Amino acid sequence: MKVTLSIIKADVGGYVGHSDVHPAMLNRAREALAEAKEKGLIIDYCQAKCGDDIALIMTHTKGPDNEDIHRFAWDTFKSITEIAKELGQYGAGQDILTDAFSGNLRGMGPGFAEMEFEERKSEPVICFLADKTEPGSWNFPLYKMFADPFNTAGLVIDPTMHDGFRFEVHDLIEEKKIIFSCPEEIYDMLVFIGAPSRYVIKHVFRKDSDEPVAVTSTQRLFLMAGRYVGKDDPVMAVRCQSGLPAVGEVLEPFAFPYTVAGWMRGSHHGPFMPVGMDWDTPTRFDGPPRVVALGFQLKDGKLVGPRDMFADPSYDNARRRALDIADYYRQHGPFEPHRLPLDEMEYTTMPKVVEKLKDRFIPLSEKERDR
Ligand code: 13P
Ligand code: 13P
Ligand code: MG
Ligand code: MG
């Protein structure tokens with residue numbers, strides 16, 4: 001059976017500040033999902049969240065970019081926004097960038113990651129949700145899972161994985177895409193995906209099929225809104241086992257709390273901390289950025305789960321290290337590399353300060369110039 005897995009997410013109000021979602025808002029999300037299932041729009045659902053971002057995890061048979069599914073998510077986020085306003089939640093409607101829905105969610109604020117595939121006899125899938133970061137944050141772990149034999153033993157010892165995978169990379173600034181065939185092209189690919197603020201892995205494919213095995217949300221809010229409205233806080237879904245990385249190989253990259261952009265005001269680098277679903281509430285300096293992992297076995301489109309994959313002591317060292325790295329970064333205060341480089345600060349509220357001071361900058365005299 002061909003099934004579509006859709007994760008559609010939005011921040012429509014934070015409780016308190018940008019740290020969590022109010023239970024009344026989550027209830028509304030669950031009610032809407034239950035109703036959609038009742039009506040036959042979706043096969044199954046799981047309502048989830050990370051920090052102040054609500055995720056609707058849904059299965060259906062309508063394919064990606066489906067108008068009915070996107071409209072349902074849009075209407076749901078709009079109605080949750082009303083509750084956020086009633087309860088005075090912070091940034092109520094933050095990711096609702098426009099009023100009129102016109103066919104799909106592109107450019108409207110919410111992020112989405114969707115893939116359609118033939119369900120296998122057993123179909124383990126992991127849904128990752130992040131807060132206080134950007135879509136390119138999935139580049140590092142996707143590379144590790146599908147291209148690095150030091151992470152994924154199967155690339156070496158499983159004959160069905162030995163040929164490697166294809167990666168679809170999007171240039172979010174020029175709106176172009178390219179497919180890299182790996183391992184042959186890993187050096188070429190790394191030139192781009194090592195710059196995650198611009199180049200983002202959208203899909204991973206097996207070499208012998210056009211069916212995706214991983215998908216990410218690539219929406220960048222500042223590119224849609226033309227101003228800073230909050231961080232993108234992306235989602236990702238990865239299929240596992242039987243010719244794909246094992247569940248443990250998919251989770252392994254997160255045992256290293258690598259650095260991502262998006263902490264505090266979307267303007268700082270920090271460690272990406274893997275946490276169980278009870279610990280998805282970023283509070284220290286609005287962070288550190290974090291990721292939760294919900295594991296499911298799909299059966300006839302039913303989401304059997306979730307299992308809370310990072311609620312495991314084997315990630316304690318990653319968390320401890322993340323906190324040490326957080327201390328280290330925090331001591332830099334407003335200095336780079338804790339604060340983002342200037343070209344990325346353009347997408348924050350900093351240009352207003354620059355504008356205010358622009359007339360006070362005067363050219364250096366002949367004597368003062370060094371070249
Ligand atoms: P599969 O090849 O069946 O996915 O098994 C690999 C495995 O689970 C090893 O950890
Ligand atoms: P969110 O993008 O999660 O809303 O956070 C915004 C922010 O400014 C946190 O400091
Ligand atoms: Mg927020
Ligand atoms: Mg958020």
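The values are calculated or read from the model by the stated rules, or taken from the named source; none is laboratory data. In this text, all values refer to a predicted model and were calculated from it rather than measured experimentally. Note that we place each Cβ from the backbone using ideal geometry, even for glycine, and neighbour counts take in every protein chain shown. Ligands, DNA and RNA are stripped out before the accessible areas are found, and what is left, the full protein with its side chains, is counted by its heavy atoms. Shrake-Rupley method; radii C 1.70, N 1.55, O 1.52, S 1.80 Å.
Quick check on segment 117-140. Is at least one of its residues in contact (Cβ under 8 Å) with a residue 24 or more places away in the chain, among the β-branched types (Val, Ile, Thr) and surrounded by fewer than 24 Cβ atoms within 10 Å (Cβ to Cβ)? Yes: segment 117-140 contains one or more residues that are in contact (Cβ under 8 Å) with a residue 24 or more places away in the chain, among the β-branched types (Val, Ile, Thr) and surrounded by fewer than 24 Cβ atoms within 10 Å (Cβ to Cβ).
Every test in (1) within 16 Å of ligand 4 (Cβ to nearest atom); (2) open to solvent by 10 Å² or more (accessible area, probe 1.4 Å); (3) not basic (Lys, Arg) is passed by SER242 save one, and that test is (1). Could you check, for segment 208-231, whether at least one of its residues is within 16 Å of ligand 1 (Cβ to nearest atom), open to solvent by 30 Å² or more (accessible area, probe 1.4 Å) and touching a Lys or Arg at 6+ places or on another chain (Cβ under 9 Å)? Taking every residue of segment 208-231 in turn, none turns out to be within 16 Å of ligand 1 (Cβ to nearest atom), open to solvent by 30 Å² or more (accessible area, probe 1.4 Å) and touching a Lys or Arg at 6+ places or on another chain (Cβ under 9 Å).
Could you look through segment 48-61, keep only residues that are within 16 Å of ligand 4 (Cβ to nearest atom) and not aliphatic (A, V, I, L, M), and pick out the one that is surrounded by the most Cβ atoms within 10 Å (Cβ to Cβ)? Step by step, filter segment 48-61, then rank; the result is ASP52.
Just one of the listed residues (ALA84, ALA92, ALA73) is open to solvent by 30 Å² or more (accessible area, probe 1.4 Å), under 23 Å from ALA225 (Cα atoms), more than 16 Å from ligand 1 (Cβ to nearest atom) and touching a residue at least 60 places away in the same chain (Cβ under 8 Å), namely ALA92. Only residues that are more than 24 Å from the chain's Cα centre (by Cα), among the aromatic types (Phe, Trp, Tyr) and surrounded by 11 or more Cβ atoms within 10 Å (Cβ to Cβ) were counted across segment 308-356, and they come to 1. Can you work out which of the residues in segment 285-318 that are over 17 Å from ASP53 (Cα atoms) and among the basic types (Lys, Arg) is nearest to ligand 3 (Cβ to nearest atom)? Looking at residues that are over 17 Å from ASP53 (Cα atoms) and among the basic types (Lys, Arg), I get ARG307. Take the residues of segment 62-104 that are hydrophobic (A, V, I, L, M, F, W, C) and over 21 Å from GLU31 (Cα atoms): which is nearest to ligand 4 (Cβ to nearest atom)? Applying the filter and picking the extreme gives LEU97.
The residue of segment 268-280 that is nearest to the chain's Cα centre (by Cα), among those that are buried (at least 18 other Cβ atoms within 10 Å of the Cβ) and part of a loop (DSSP other than H, G, I, E, B), is PHE272.
When residues in segment 1-56 are screened for being away from ligand 2 (no atom under 13 Å from the Cβ), of a type in the set (A, V, I, L, M, F, W, C) and part of a loop (DSSP other than H, G, I, E, B), 4 of them pass.
Select from segment 323-354 the residues that are hydrophobic (A, V, I, L, M, F, W, C) and touching a residue at least 12 places away in the same chain (Cβ under 8 Å) and list them in ascending order. Listed by number, the residues that qualify are LEU323, ILE325, ALA326, LEU340, MET345, MET350. Against the condition modelled with pLDDT of 95 or more and either within 16 Å of ligand 1 (Cβ to nearest atom) or open to solvent by 10 Å² or more (accessible area, probe 1.4 Å) (or both), how does MET145 come out, does it pass? The answer is yes for MET145. Scan segment 245-267 for residues that are of a type in the set (Val, Ile, Thr) and open to solvent by 50 Å² or more (accessible area, probe 1.4 Å) and the total you get is 1.
Taking segment 254-274 only, how many residues are of a type outside the set (Lys, Arg) and in contact with a Ser or Thr (Cβ under 9 Å, 6 or more places away or on another chain)? Residues that pass the stated criteria total 12.
Within the set VAL353, VAL260, the sole residue that is of a type in the set (Val, Ile, Thr), out of contact with any His (no Cβ under 8 Å at 6 or more places or on another chain) and not in a loop (DSSP other than H, G, I, E, B) turns out to be VAL353.
Checked against the criterion of being without any contact (Cβ under 8 Å) to a residue 40 or more places away in the chain and touching a helix residue (DSSP H, G or I) at 6+ places or on another chain (Cβ under 7 Å), the candidates LEU41, LEU56 yield just one match: LEU41.
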